[in-house]
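All remarks here apply to the structure that follows.
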Amino acid sequence: MNNNFLYILIFLLTTSVFAQKIPHQKIKNLIEKSAILNEHFTGFSLYDQDKNKMIYELNANKHFIPASNTKMYTLYTVLEMVGDSIPALKYVIKGDSLLFWGTGDPTLSYSNFKSTKVLDFLKKSDQKLFFISNNYKGNFYGSGWNYSDYEEDFQPEITSFPIDGNIANVAINSNGELVVQPLLLRPFFKADAALNPENFSVKRDFYSNRFTFPASNPKTGFKQQIPFKTSPKFTLSLLKEKTNKEITLLDIALPEDFKIIYSEKTDDVLREMMLHSDNFIAEQLLLVCSSIISNDLSTNTVIEYSKANFMKEFTDNAIWVDGSGLSRYNLFTPNTSVALLKENQ
């Protein structure tokens, strides 16, 4: 979050008794005397759901960078657009060929998700397999993201067909050996004698999957998650590894007679996103929503669609650009977010 601003949104599902215990003046005094809040430009809204009444506002119609509060808008959009399960793959069968497109589904071999429907479908196919990756119409990062965070586990790249969360899992086993998942990446990890940091860690080249780690002082039990560099060819290689099938890249448009394979339950995916404030899931779910209204995957397209169709009454003055809140360009008011939560009671 921008250090010059502090965005505070408190939405309390209060009873009238609670409202009597904390009157308007007491809240005002708490804020005005706060040593932390006085160091920042602060926005605050306190709303009583039972009385359908705003209790206290401070700069409540001013814009602030919302950070992960942005995920509330993504959550609401998914609830409005996605059914019981996540659409994971679009496909058509033409003669002896099976052609498939990703939907942005974030769950394949990621986090606590266990569904193997997509991999089983590809493994059991008797057709020749063709993967088409041309439907994502965005950058590998969202607008306004900090590129210097490319090694951080909270900022994987965005793709049409993510696998393993677009993250490499690195560990030191009991023998002092470096273990890497997915296995396909292990040859790209090289020890560097010039590296001698105080704390053992893996580094990655910004432009490629060249990883380096210190040649000495590995500690048993060390674990790190670091995003890998994505590309259609690398996604294809991961798919080949996981399916043990030959798959070919193709570049054609999605025909109208496509079918869909579904993966995880939508509620389970949303729960994972919100409980862990998972940026990756949030970004990819907007692409899933985009896949429902278009053959192309576009974050901007689905945001504008959601604002126009589900949030028209309260997002006219909101600037919303990504799903996770990583972007410094997002701007919401406390009252806009209160209106969103009221809408979703």
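Since every read-out is calculated from the coordinates, none of them should be taken as a lab result. Keep in mind the model is a prediction, meaning the values are calculated, not measured. Cβ: placed from backbone, ideal geometry, glycine included. Neighbour counts: every protein chain shown.
Filter the chain for me: DSSP H helices, axial length by Cα at least 18 angstrom, mean Kyte-Doolittle hydropathy not below -1.0. List them by residue number. Passing helices, by number: 279-293.
Each of VAL82, VAL170 has some number of other Cβ atoms within 10 Å of its Cβ, and from fewest to most they run VAL82, VAL170.
Quick one: if the Förster radius is 25 Å, what FRET efficiency do LYS94 and ILE292 give, using the C-beta to C-beta distance and rounding to 0.05? Calculated value: 0.60.
Between the C-alpha center of region 55-92 and that of region 315-345 there is a gap of 8 Å.
Across region 163-229, the volume of the C-alpha convex hull divided among the residues equals 84 Å³ per residue. For the residue pairs LYS190/LYS223; LYS90/LYS123; LYS190/LYS240; LYS245/LYS265; LYS128/LYS259; LYS123/LYS265, the alpha carbons lie more than 20 Å apart in LYS190/LYS240; LYS245/LYS265; LYS123/LYS265. Each part reduced to its alpha carbon centroid, region 233-289 and region 27-47 end up 42 Å apart. Computed from point charges on the beta carbon alone (+1 for Lys and Arg, -1 for Asp and Glu), the dipole magnitude for region 163-229 about its Cα centre is near 100 Debye. A crude spin-label estimate for the pair PHE206 and ALA171, with each label 7 Å from Cα along the Cβ direction, gives 3.2 nm.
Within a straight-line Cα-Cα reach of under 19 Å, LYS62 can be paired with the following aspartates and glutamates, leaving aside sequence neighbours fewer than 8 residues apart in one chain: GLU32, GLU39, GLU313, ASP316. Summarising the strand pairing of the chain, around 65 percent of its internal DSSP beta bridges are antiparallel.
So, R0 is 35 Å and r is the distance between the beta-carbons of GLN49 and GLN181; what FRET efficiency does that work out to, to 0.05? E(calc), rounded to 0.05, equals 0.20.
The relative contact order of the chain comes to 26 percent, based on Cα pairs under 8 Å that sit 6 or more residues apart. When both bridge partners sit in region 163-229, DSSP labels roughly 75% of those beta bridges antiparallel. Ranked by how many other Cβ atoms sit within 10 Å of their own Cβ, fewest first, the residues ASP267, ASP316 fall in the order ASP316, ASP267. Here is how the number arises for the chain: DSSP H runs of 4 or more residues each give -39500 (n - 2.57), the sum is divided by the residue count, and the result at 222 nm is -8000 deg cm²/dmol.
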